[in-house]
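The values are calculated or read from the model by the stated rules, or taken from the named source; none is laboratory data. Everything numeric here is computed off the predicted structure, so don't read it as measured data. Neighbour counts run over all protein chains shown; Cβ positions are idealised from the backbone, glycine included.
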Amino acid sequence: MIDPVEFLQALKSQGVGFFSGVPDSLLQHFCACLAEHASAREHLIAANEGGAVAAAIGYHLATGRTPLVYMQNSGLPNALNPLLSLADPAVYAIPMLLLIGWRGEPGTLDEPQHRKQGEVTLPLLAASQIGYAIIDATTTDPDATIREALQQAAGGPYALVVRKGTFSAYRTPLPIRATGSFRREQAVGLIADSLEAGDLVVATTGMTARELCAHRERSSQSHDRDFLVIGGMGHASQIAHTLALYRSDRHVYCLDGDGAVLMHMGALAIIGATPRSNLCHIVVNNGVHESVGGQPTVGLAVDLLALARSVGYATAIRVTSLDELPRALEELRRGEGPALLEVQVTPGHRADLGRPQSDPVDAKKAWLSALLG
């Protein structure tokens with residue numbers, strides 16, 4: 001396996017001085033190493049992958065040096081616009097090294113949302129004329145691998161595609177910044193129990209959807225009116241928004257996360273422009289990307305209530321304790337919409353938390369059957 005400290009030292013010794021990206025579970029040990037060994041000026045955790053590429057371009061324009069952009073392969077489509085329309089050799093020829101976690105690699109077991117991404121990762125790079133090399137636990141000379149990659153990246157983006165289990169564990173824990181006095185799972189359970197029979201739920205990818213599913217099973221509650229956005233990070237609110245537009249006879253609850261909201265923050269403005277909406281937008285904010293290693297977001301530095309009001313949300317509420325949540329949920333339901341509730345929680349989740357077991361197509365059919373009859 002590759003020691004993340006040695007890998008980072010090799011990058012720095014060969015002139016890579018800036019790192020930006022969106023955290024990925026396959027890269028979490030490298031990201032944890034970055035958090036401790038790269039300064040705030042050297043390391044920027046971006047809101048989305050395209051933004052990370054843009055930041056990297058800015059670094060090159062300021063210094064003439066080569067940056068590194070890291071991401072999960074599911075984020076590669078987010079990055080392709082600036083990669084192809086700005087960084088490409090046919091445009092500005094920006095030197096750039098990409099570090100891409102290969103979720104859903106063919107022949108490996110992974111979640112349904114990663115299978116197609118895994119199948120098309122290498123063909124997508126090839127179609128985009130972005131060269132690549134694959135690294136894994138058997139890579140014996142990362143210094144030489146990086147040297148060759150940087151030579152290939154001299155005239156435009158070049159990728160290192162990272163297989164599962166490539167990096168050895170980096171055991172220095174990331175800082176846990178407690179916000180609320182309770183965990184997300186407690187909030188999700190209380191929210192689920194407060195809903196009425198006809199309410200519809202859209203739950204964002206990651207721990208939120210998994211905890212909702214676990215609570216439903218534990219409480220013998222139906223899943224049929226829950227849509228779990230198991231992929232497509234940042235898009236749950238727009239799914240919920242259109243659902244609410246077309247099902248004005250129902251309350252639609254979007255269970256969102258701080259990282260997801262930040263990834264596509266423009267969605268808030270689109271939602272806010274729709275008056276008298278039946279959408280109840282709940283952002284569970286723990287200030288970290290928890291499902292991929294706990295790297296910090298800027299969610300706690302953003303006044304989500306002020307932001308929501310500024311783009312047209314009619315109601316905006318914040319809670320920081322579990323005791324406040326029931327009353328806030330009542331206010332959210334009664335208040336004029338679109339309505340936003342920020343629930344600040346402390347990071348953390350159960351080690352034995354399961355994943356949804358139903359086939360996504362079967363779950364969609366059950367949803368449509370329950371909603372349309």
If you check Gly266, Gly259, Gly287, which single one turns out to be surrounded by fewer than 21 Cβ atoms within 10 Å (Cβ to Cβ), of a type outside the set (A, V, I, L, M) and either assigned by TED's automatic domain parsing to the domain that holds Ile239 or more than 19 Å from Ala240 (Cα to Cα) (or both)? Gly266
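Considering each of Ala236, Ala192 in turn, give the residue that is assigned by TED's automatic domain parsing to the domain that holds Val284 and within 30 Å of Ala79 (Cα to Cα).
Every option except Ala236 fails the conditions.
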Is it true that Ala214 is touching a residue at least 60 places away in the same chain (Cβ under 8 Å) and touching a strand residue (DSSP E or B) at 6+ places or on another chain (Cβ under 7 Å)? no
Please indicate, with yes or no, whether at least one residue in segment 37-53 is hydroxyl-bearing (Ser, Thr, Tyr), over 21 Å from Asp143 (Cβ atoms) and in contact with a Gly (Cβ under 9 Å, 6 or more places away or on another chain). no
So which residues in segment 227-237 are surrounded by fewer than 19 Cβ atoms within 10 Å (Cβ to Cβ) and either at pLDDT 95 or above or touching an Asp or Glu at 6+ places or on another chain (Cβ under 9 Å) (or both)? Gly231, His235
Verdict on Glu49 being within 14 Å of the chain's Cα centre (by Cα) and not polar (S, T, N, Q): yes
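Rundown of residues vs (1) among the polar types (S, T, N, Q); (2) over 30 Å from Gly165 (Cβ atoms), yes/no style:
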| residue | (1), (2) |
| --- | --- |
| Gly257 | no, no |
| Ala269 | no, yes |
| Leu279 | no, yes |
| His289 | no, no |
| Leu300 | no, yes |
| Ala306 | no, yes |
| Ala316 | no, yes |
| Ser321 | yes, yes |
Out of segment 201-226, which residues are surrounded by fewer than 22 Cβ atoms within 10 Å (Cβ to Cβ) and closer than 24 Å to Gly373 by Cβ? Arg216, Ser220, Gln221, Ser222, His223, Asp224, Arg225
Among residues belonging to segment 1-54 that are surrounded by fewer than 23 Cβ atoms within 10 Å (Cβ to Cβ) and hydroxyl-bearing (Ser, Thr, Tyr), point out the one that is farthest from Glu105 (Cα to Cα). Ser39
Close pairs from segment 291-307: first within 24 Å of Gln72 (Cα to Cα), partner part of a helix (DSSP H, G or I) and charged (D, E, K, R), Cβ under 7 Å, at least 6 apart: Thr297/Asp258; Gly299/Asp258
Pairs only if they're at least six apart or on different chains, beta carbon under 9 angstrom, first in segment 96-111 and at positive phi and free of Cβ contacts under 8 Å to residues at least 60 places away in the same chain, second part of a loop (DSSP other than H, G, I, E, B) and surrounded by fewer than 23 Cβ atoms within 10 Å (Cβ to Cβ); list them, first residue then second. Gly104/Asp110; Gly104/Glu111
Quick check on Val298: is it among the hydrophobic types (A, V, I, L, M, F, W, C), outside the structural domain of Pro77 (by TED's automatic domain parsing), within 30 Å of Ala32 (Cα to Cα) and surrounded by fewer than 16 Cβ atoms within 10 Å (Cβ to Cβ)? yes
